[in-house]
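This report refers to the structure that appears directly beneath it.
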Amino acid sequence: MRTLTDLIVEQGLLKELDPSKIETISGCGKNAVFEAGAYIQKEGDPADHFYLVRAGKASLETFIPGRGNVIFKTLSEGDLVGVSWLVPPYRSSFDARALEECRAIEFDANCLRQHCEADHDLGYALLMKFVPVILDRMRSARLQILDVYGPDGDG
Amino acid sequence: MSGNRQIGEQYRLMKRSGLDDLIKVLRVLDYRVIGPTESNGVIEFAELGDASELPWGLRDEQKPGSYSVSKGGDRAFEFSNGPTSLKRYFHPTERHLWTVDASGGQLQFEEARVQVPKYAFLGIRPCDLASLDILDQVFLNGVETNRYYESCRQNSLYVAVNCSSAGDLCFCASMETGPTARSGFDISLTELRSSDAYRVLIEIETDRGRSIVNQIDTSEAHENDLSLAREQSDGVARSMGRTLHTWGLRERLQENADDPAWADVAERCLTCGNCTMVCPTCFCTTVEDRASSHDQKYERWNTWDSCFSLDFTFVSGGALRQSSKSRYRQWLTHKLSTWVDQFGVSGCVGCGRCIAWCPVGIDITEEAARIGEPQARA
Amino acid sequence: MKDDRGLISAMVPAAARVLRRQVEYDEVVTLEVERPATLTKEFLPGQFNMLYVFGVGEIAVSHSGHPFHQDRIVHTIRAVGKVSRALILLKPGDWLGIRGPYGTPWPIDHAKGQNLIVVAGGLGLAPLRPVLYEVSSAKDAYRSMRLIYGTRDPSSILYQSQFEGGPWAEFGQVTVDSANLDWQGNVGVVTDLISADTLDTENAVALICGPEVMMRFSANALIDLGMREDRIYVSLERNMKCAVKQCGRCQFGPYFVCRDGPVASFGQVDKLLKIAEL
C-alpha cells in the first residue's frame, strides 16, 4: 500500500523537495475525499487547510447575485487548492468546490506553519513551490480582466 | 586651348530662346508640358504654354515652417522647390478604381476607364527625379504592378534641371540624390552661372531626348562649359542648408522605438499630415465609396491618405496608433529606416519640403539625429 | 492620350453569391459563398480575402473553409465595424464582392512528421479551421496533433459541434475565461493548457491565432517549454485597403502584413510585438 509520502511524490508540485522535507510535510497530511458539489473551502472561512488534488476536478469560484456561481478556474490532478494559509490573516479568499468526486491530500495548515517557523529551510523550500503557483494565478487573473475575447478586445 | 575643346555629342548649349523652342517642340509632339510656375505666392508644377511662364527671376526662401517667394537673380530655375512634387502626376490624389452596379439584382463590377496622359516634365530637380526611382520600387516591384503608374511613367518625358544653388532646407547631398541628376532623365539642363549671356548646358541621355534636342536651336558645348557646370555642382553640394547623417540610421531608429525623444517631438507635432502630402515619396492611400447619381451604383476611389490620420490603423479593437508619438515615429522610421528593409533604399530624397511645410517647423534632420543619441539632446 | 483598360484590375472584386449563412454565436456568422469563376487561385490555409459589401466598404477576412472544397469560399465574420456588421447580415442569395486570396499560409507542410500544436483564442480559431480540416484528413502525416482553444465563456465557443463528440474531440481541449456550473469543461486562460504534462514540444511546430496579447503569452509559454521561436507561427491583423502592398496601411515595422503576413514566425515578429502602438 502506498504511503502518504508516496502520494505526495506522485503529485508534481512538491515532488522535487528532498525526502526528509517530504517526510515532515506528510506528517501534517491526510487523505480526503469530496463528493461532487461539496465545498472544499468557503470564502471568508479560516484557512486551516490546503489541498493537493490527486484525482477528480475542482473549481475556484465566487457567487455573483444574478449570475450564480461563477467559475474562474478549474483544477485537476496535481493542482493546489488554497494559498491563503501561508500568511495572516489565514482566511480563504474564494470558494473551492468539487465539480466531480475529488480525491485530495489535505494538509493541516497550522501544523505546517509550525514546522516552517521552526525550520526556515523548509519554509523557504515550500515558498519556492507556492510562489510560482501564485504568480501563475495572478497572470491568469490579469489576462481574464483584460477580456481579450470580449466585445472591446481585439479577438 | 584645351579648355575650349569640344566635348561629346551628348552635350549641347542653348540660349534662352532654346527653352521656348523646347516647349514648342514638346507640345507639337502632343506632350502636356508640366513645369514650375509662380502662382499665388508659391512655385508649383503646372501645365505650361510657353517658357515665359517659368518663374524667371524668382527665388524662394525656405525655413522650418516657412516659405516665401521673392525677386532675385534672372534665371528660370533660381528657386529650390515648391510644395508640389511630381508624385501627384503618377500617383494621383484621387483615382477612380471601379464602379459597382446593383441595379440588376446582382452586383456588377466594372473597372474604371482610365486616361493615361502623356506628360513632358520640364525642370525636374534631381531630388524629385530620384523620388520617381523610389516610387518605382513601390508601384512596380510589388505584389501587383500598379499599371496606371507604369503606363504614366512610360508615357512621360523627363527634362531635369541641375541645381545651381542650394536651399536652406536642402540635404540631397546627404541622401546622394543631387544636386546633379545622374540618371532617369531624357535631357538635363544646367543654367550656367557666368558673366556671359544666359546659357544652358544640355546633357542628352536618351535617343528620345536627342531627337527633341535636334529640333531646337543649340550650339556646340565645350570642355569649359562642362567644367563650369561641375564646379557649380560641387559648390552646391558644399553649401547644403541641412545635413542628415545616414550612417547607422536604419538600425538606430528601429532599435530605439521607446526613446523618450519621440515623446518630445510628439509634443510639437500636430499630426496634420502636411509632411506626408508634400513628401515626394509618401504613397499611402485609402479607398472610399462614392454614391453615383444613380443610387444603385457606387464608385470606388483610391485617395491619398496619411499615416498621421487616426483611422489609418483602425482594426476591430480601435486605432492601433492612438498617440501622436506613435504616428510620428511610424512616419520617420518608415521614411528613413524600414523603407530600406522594404525597398532597398531610403524613402527620403533630401528635398526639405517636410521641414518648410510643417506648420510648427519640425526638422526631419534634427529629429533623426536625436533618436537613440542621448548626447545629441542638450 | 490613350485609353488603357486593365490598369487597376488587381483591386476589382468579383461578384459572388451567398449560398448559406450560419450563426455561430452572438454577432458571429459563417458565410458560404459560391466561388466566382474569375477567382482562379485556390486558397491555402491562413490566407485571406478582401470582402466588399455594396455601398458599405471592404475588409480583409481570413479563409475559414475546407481547403479540399475550393468550390465554396467560407468566411467566419464577427461584427465589429460597419463592414463586418453589414457582412453578417447578408442572406443566402445576396451578393458581395470578393478578391483574393492574399497573404502567407500556415506552414503546415513544415509540420509534417512532427508534433503539431495549434493554439487558438476566441475568433482566432476561424483562420485555423482550414488547418484543422486538412490535418484531420491526414493525421498519419503528423507525429501528433493537439488543439488548445481558449475563449471567453461557454456561449462563445466557435465551431462548438466540432469539439464535444465531434472530429476535433480526440485532439482538442477547450478552456473558457469564466463559466457557471452548467459548464463541464476547463475554466482558466489558454496558457493554463500549455504544459509539459499534455504537450510534446520536442520536434514540434506551433500555430497560434487570437488576440495579440493571447498570442504573445501563448508563444512565450511554448518557449518556456523549450520550443524555438522560429517554430512558432502567429497570424497578424492590421488595417488594409489594397492587400497588394501599395496602400501602406498594414505596415508592421519593416513588414507589410498583406504580403509578408498575416502568418509570420514568432521569431520574426517577437521584438515588434513588444513595441506598443507599432
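When both residues are 6+ apart or on different chains and their Cβ atoms are under 6 Å apart, which pairs have a first residue that lies in the range B:308-327 and is more than 19 Å from B:T276 (Cα to Cα) and within 13 Å of chain A (Cβ to nearest Cβ), and a second that is among the charged types (D, E, K, R) and buried (at least 18 other Cβ atoms within 10 Å of the Cβ)? Pairs that qualify, where the first residue is more than 19 Å from B:T276 (Cα to Cα) and within 13 Å of chain A (Cβ to nearest Cβ) and the partner is among the charged types (D, E, K, R) and buried (at least 18 other Cβ atoms within 10 Å of the Cβ), are B:V315/C:E237; B:S316/A:D154; B:G317/A:D154. Restricting attention to the range A:10-51, the residues that are free of Cβ contacts under 8 Å to residues at least 60 places away in the same chain and of a type in the set (A, V, I, L, M) add up to 1.
Return the residue satisfying two criteria in turn: it lies in the range B:164-184 and is under 12 Å from B:R125 (Cβ atoms) and surrounded by 24 or more Cβ atoms within 10 Å (Cβ to Cβ), and of such residues it is farthest from the chain's Cα centre (by Cα). Here the residue is B:G167.
Based on this model, can you work out whether B:C284 counts as hydrophobic (A, V, I, L, M, F, W, C), in contact with a Gly (Cβ under 9 Å, 6 or more places away or on another chain), buried (at least 21 other Cβ atoms within 10 Å of the Cβ) and over 30 Å from B:T99 (Cβ atoms)? The answer is no for B:C284. For C:V80, the criteria (1) over 27 Å from C:I194 (Cα atoms); (2) of a type outside the set (D, E); (3) modelled with pLDDT of 95 or more hold in every case but one, which is (3).
Summed over the range B:264-285, residues that are within 12 Å of chain C (Cβ to nearest Cβ), in contact with a helix residue (DSSP H, G or I) (Cβ under 6 Å, 6 or more places away or on another chain) and assigned to a helix (DSSP H, G or I) total 1. All of (1) crowded, with 21+ Cβ neighbours inside 10 Å; (2) within 23 Å of the chain's Cα centre (by Cα); (3) among the aromatic types (F, W, Y) hold for B:F312 with one exception: (2). Taken together, B:F109, B:F121, B:F79 contain a single residue that is in contact with a strand residue (DSSP E or B) (Cβ under 9 Å, 6 or more places away or on another chain) and under 30 Å from B:E366 (Cβ atoms), which is B:F79.
Screening C:D197, C:D192 for residues that are in a helix (DSSP H, G or I) and among the acidic types (D, E) leaves exactly one candidate, C:D192. With respect to being crowded, with 18+ Cβ neighbours inside 10 Å, at pLDDT 95 or above and more than 22 Å from the chain's Cα centre (by Cα), B:V161 falls outside the description.
Of the strands (runs of 3 or more DSSP E) entirely within the range C:33-139, those holding at least 1 residues that are touching a residue at least 60 places away in the same chain (Cβ under 8 Å) and more than 14 Å from chain A (Cβ to nearest Cβ) occupy C:48-53, C:57-62, C:95-102, C:115-121. Among the residues of the range A:43-86, the one identified as surrounded by 14 or more Cβ atoms within 10 Å (Cβ to Cβ), of a type in the set (G, A, S), in a strand (DSSP E or B) and at the interface with another protein chain (Cβ under 10 Å from one of its Cβ atoms) is A:S59. Restrict the check to the range B:302-316 and report whether at least one residue is over 26 Å from B:P92 (Cα atoms) and not assigned by TED's automatic domain parsing to the domain that holds B:T180. Within the range B:302-316 (the criterion being over 26 Å from B:P92 (Cα atoms) and not assigned by TED's automatic domain parsing to the domain that holds B:T180), the answer is yes, since at least one residue qualifies.
Filtering C:S218, C:S195, C:S235 for residues that are surrounded by 23 or more Cβ atoms within 10 Å (Cβ to Cβ), more than 9 Å from chain B (Cβ to nearest Cβ), under 23 Å from A:G12 (Cα atoms) and of a type in the set (G, A, S) leaves a single hit, C:S218. Inside the range B:212-248, residues that are more than 23 Å from B:Y198 (Cβ to Cβ) and either in contact with a helix residue (DSSP H, G or I) (Cβ under 9 Å, 6 or more places away or on another chain) or crowded, with 19+ Cβ neighbours inside 10 Å (or both) make up a count of 8. Scanning the range C:198-215 for residues that are crowded, with 24+ Cβ neighbours inside 10 Å and of a type in the set (D, E) yields a count of 0.
In the list A:R137, A:R103, which residue meets the criterion of being charged (D, E, K, R) and in a strand (DSSP E or B)?
Just one listed residue meets the conditions, A:R103.
Across the range B:286-307, the qualifying residues are those that are among the hydroxyl-bearing types (S, T, Y) and without any contact (Cβ under 8 Å) to a residue 40 or more places away in the chain, and the one among them that is farthest from the other protein chains (Cβ to nearest Cβ) is B:S293. The one condition from (1) in contact with a Phe, Trp or Tyr (Cβ under 7 Å, 6 or more places away or on another chain); (2) within 13 Å of chain B (Cβ to nearest Cβ); (3) at pLDDT 95 or above that C:L207 does not meet is (2).
If only residues of the range B:60-74 that are without any contact (Cβ under 8 Å) to a residue 60 or more places away in the chain and surrounded by 15 or more Cβ atoms within 10 Å (Cβ to Cβ) are counted, the one that is nearest to B:R353 (Cα to Cα) is B:V69. A residue that is surrounded by fewer than 21 Cβ atoms within 10 Å (Cβ to Cβ), over 19 Å from the mean Cα position of the chain (by Cα) and in contact (Cβ under 8 Å) with a residue 40 or more places away in the chain occurs nowhere in the range C:248-265.
Restricting the range C:166-189 to residues that are among the small types (G, A, S), assigned to a loop (DSSP other than H, G, I, E, B) and over 23 Å from the mean Cα position of the chain (by Cα) leaves a set whose member that is farthest from the other protein chains (Cβ to nearest Cβ) is C:G185. Based on this model, can you work out whether C:N203 counts as in contact (Cβ under 8 Å) with a residue 12 or more places away in the chain, over 30 Å from A:V70 (Cα atoms) and of a type in the set (S, T, N, Q)? So C:N203 fits the description; yes.
The values are calculated or read from the model by the stated rules, or taken from the named source; none is laboratory data. In this text, all values refer to a predicted model and were calculated from it rather than measured experimentally. As a convention, Cβ positions derive from the backbone with ideal geometry for all residues, glycine included, and neighbour counts pool all protein chains shown.
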